[in-house]
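> Below you will find the structure I want to go over with you.
The values are calculated or read from the model by the stated rules, or taken from the named source; none is laboratory data. Predicted model, so just to flag it, every value in this text is computed and none were measured. When we count neighbours, we look across all protein chains shown, and the Cβ atoms used for this are built from the backbone with ideal geometry, even at glycine.
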Amino acid sequence: MANNTITRIQELVCNRLNVTLKQLHGPRRDRPVSRPRHIAMYLAWIYTGKSQGFIAKMFQRDRTSVVHAIQSIEYLMEKDQETQKIVQALKAEIDNIGGEAVDPHEQVIGASVVMVNEAIEVIKTALIAQCRKDPLAVVTSLGQIAKGCQLTEEDSHDH
């Protein structure tokens, strides 16, 4: 599932909740616009398996907006029957067009793996650059890092 699924979710939310795509992407924060936006972000996260950062770009927002939207809708689904009915109806529509929800825990693990891989690439690039300047210092630093990462026998019994 990709951009077209997020776009389709946005369209479904707009149609059901009487807002335009322009409003969904716009700066307005009042409830008649922000609630549908939050619902659409929540559904995009549940159904696409895409990162919160990717979803944020599709809504012209930053990642923290998606985090807030997910938390808000999860809370409202527990406390507000109207929100729960709306989200359930939209989920049924998405399911009818072939959507499949993704386990949020798998999404967190997947996002973590992506972040770790990105960090590895940044470190690798920095090490290559530093190695060109002072190879001995890099080898010494890596040895110290490796030594610091080793568990003693006592440490391994504590875990």
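> Provide a single number: the residues in segment 15-52 that are out of contact with any Leu (no Cβ under 8 Å at 6 or more places or on another chain), small (Gly, Ala, Ser) and closer than 19 Å to Glu74 by Cα.
4
> While we're on this one: Where residues in segment 27-77 are outside any loop (DSSP other than H, G, I, E, B) and of a type in the set (Lys, Arg), which of them is surrounded by the fewest Cβ atoms within 10 Å (Cβ to Cβ)?
Among those residues, the one meeting the criterion is Arg31.
> On to the next question. Just checking, does segment 104-113 include any residue being in a helix (DSSP H, G or I), over 11 Å from the mean Cα position of the chain (by Cα) and at pLDDT 90 or above?
no
> Still on this structure, I have one more. Of the conditions (1) under 21 Å from the mean Cα position of the chain (by Cα); (2) buried (at least 19 other Cβ atoms within 10 Å of the Cβ); (3) at pLDDT 95 or above, Val19 satisfies every one except a single condition; which number is it?
It fails just one condition, (1).
> Scan segment 21-65 for residues that are of a type in the set (Lys, Arg) and either touching a strand residue (DSSP E or B) at 6+ places or on another chain (Cβ under 9 Å) or under 11 Å from Gln10 (Cα atoms) (or both) and jot them down.
Listed by number, the residues that qualify are Lys22, Arg37.
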